[in-house]
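Report on the following structure.
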Amino acid sequence: MFTGLVDDIGIIQQVTESQTGRELLIACRYTDLVLGESIAVNGACLTVRTCGTDAVGRGWFTTAAIVTTLDRTTIGAWQNGRRLNLERALRVGDRLGGHLVLGHVDTVVRVRHIAKRDDAWLIDLALPANISALMVAHGSITVDGVSLTVNALLDENGVQLSLIEYTLRHTTLGELVLGEAVHVEADVLAKHVERLLQSQLVAPRVVALTQAV
């Protein structure tokens, strides 16, 4: 589990294809990673396969994306030199400064509009209807691993995000361009509420049909 507060930007050093999936060697600032720990890479929860430090003491780790992960993310298109938002898993007792993030990418969408307004950058995304239904104004959304607030709900299942200067400097979101694909994860609490409501709506219908028979 994560918070969506990015604490490092990693850089892909090598990409290889193997029986374990699409393997990535990522340089980072972490020097105390352990094998098997989870790390959010642009919002996708991946497992550390190997790790260590280089000759100058900078950390690195390898991870692999299997076919199901490749189907649901943009990882299949990542190449050497790409910058990635990183976050290590939440520890009990840590401050929850963002919101609860699972690292499970719900959808990949493209940036449809970027505009500057005073001291903020406004970014519009068009979401699938099932994900848009989970959005509320000023609620939470995760984009490429970054916990953000929904600034406004737009027509046609769109949402608008407002990025502050700190976010632009400390994540890769400041590098977004029109049409770029991003990972989106909806608020897990909204997903659970939707699931519970669906069961409540279906149950009365089942009872009614049974009684009619």
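The values are calculated or read from the model by the stated rules, or taken from the named source; none is laboratory data. Remember, predicted model here, so these are calculated numbers, not experimental data. Note that each Cβ is placed from the backbone with ideal geometry, even for glycine, and that neighbours are counted across all protein chains shown.
Points to keep in mind about this one:
- Flag for LEU163 being of a type outside the set (Ser, Thr, Tyr) and free of Cβ contacts under 8 Å to residues at least 12 places away in the same chain: no
- If the condition is being in a loop (DSSP other than H, G, I, E, B) and more than 19 Å from SER38 (Cα to Cα), then the stretch 72-96 contributes TRP78, GLN79, ASN80, GLY81, ARG82.
- Each residue in the stretch 141-174 was checked for being crowded, with 18+ Cβ neighbours inside 10 Å and under 19 Å from ASN85 (Cα atoms), and 14 of them qualify.
- Which numbered condition ARG110 misses (of (1) at pLDDT 95 or above; (2) over 15 Å from the mean Cα position of the chain (by Cα); (3) not β-branched (Val, Ile, Thr)): (2)
- Any hit, the stretch 32-43, residues being surrounded by fewer than 13 Cβ atoms within 10 Å (Cβ to Cβ) and closer than 24 Å to GLU185 by Cα: yes
- Filtered residues of the stretch 78-98 (kept if modelled with pLDDT of 95 or more and either in contact with a Cys (Cβ under 7 Å, 6 or more places away or on another chain) or crowded, with 16+ Cβ neighbours inside 10 Å (or both)): TRP78, ARG82, LEU84, ASN85, LEU86, GLU87, ARG88
Results for (1) outside the structural domain of GLY179 (by TED's automatic domain parsing); (2) touching a residue at least 60 places away in the same chain (Cβ under 8 Å); (3) touching a strand residue (DSSP E or B) at 6+ places or on another chain (Cβ under 8 Å), shown as yes or no for each residue.
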position: THR63; (1), (2), (3): yes, no, yes
position: VAL67; (1), (2), (3): yes, no, yes
position: ASP71; (1), (2), (3): yes, no, no
position: GLY76; (1), (2), (3): yes, no, yes
position: LEU84; (1), (2), (3): yes, yes, yes
position: GLY93; (1), (2), (3): yes, no, no
position: VAL101; (1), (2), (3): yes, yes, yes
position: LEU122; (1), (2), (3): no, no, yes
position: LEU125; (1), (2), (3): no, no, yes
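- Selection of the stretch 115-140 for residues being surrounded by 15 or more Cβ atoms within 10 Å (Cβ to Cβ) and in a strand (DSSP E or B) yields ALA120, TRP121, LEU122, ILE123, ASP124, LEU125, ALA126, SER140.
- Filter pass, ALA55 being assigned by TED's automatic domain parsing to the domain that holds ALA186, free of Cβ contacts under 8 Å to residues at least 12 places away in the same chain and surrounded by fewer than 16 Cβ atoms within 10 Å (Cβ to Cβ): no
- Condition met for VAL108 (hydrophobic (A, V, I, L, M, F, W, C), outside any strand (DSSP E or B), in contact (Cβ under 8 Å) with a residue 12 or more places away in the chain and surrounded by fewer than 17 Cβ atoms within 10 Å (Cβ to Cβ)): no
- Matching residues in the stretch 151-205 - criterion: being part of a helix (DSSP H, G or I) and either polar (S, T, N, Q) or within 23 Å of ARG112 (Cβ to Cβ) (or both): GLU165, THR167, LEU168, LEU173, GLY174, GLU175, ALA190, GLN198, SER199, GLN200
- Checked against the criterion of being modelled with pLDDT of 95 or more and surrounded by fewer than 16 Cβ atoms within 10 Å (Cβ to Cβ), the candidates ILE66, ILE75 yield just one match: ILE66.
- Identification of strands (runs of 3 or more DSSP E) wholly contained in the stretch 1-51 with 2 or more residues that are in contact (Cβ under 8 Å) with a residue 60 or more places away in the chain and in the same structural domain as LEU84 (by TED's automatic domain parsing) yields 8-18, 38-41.
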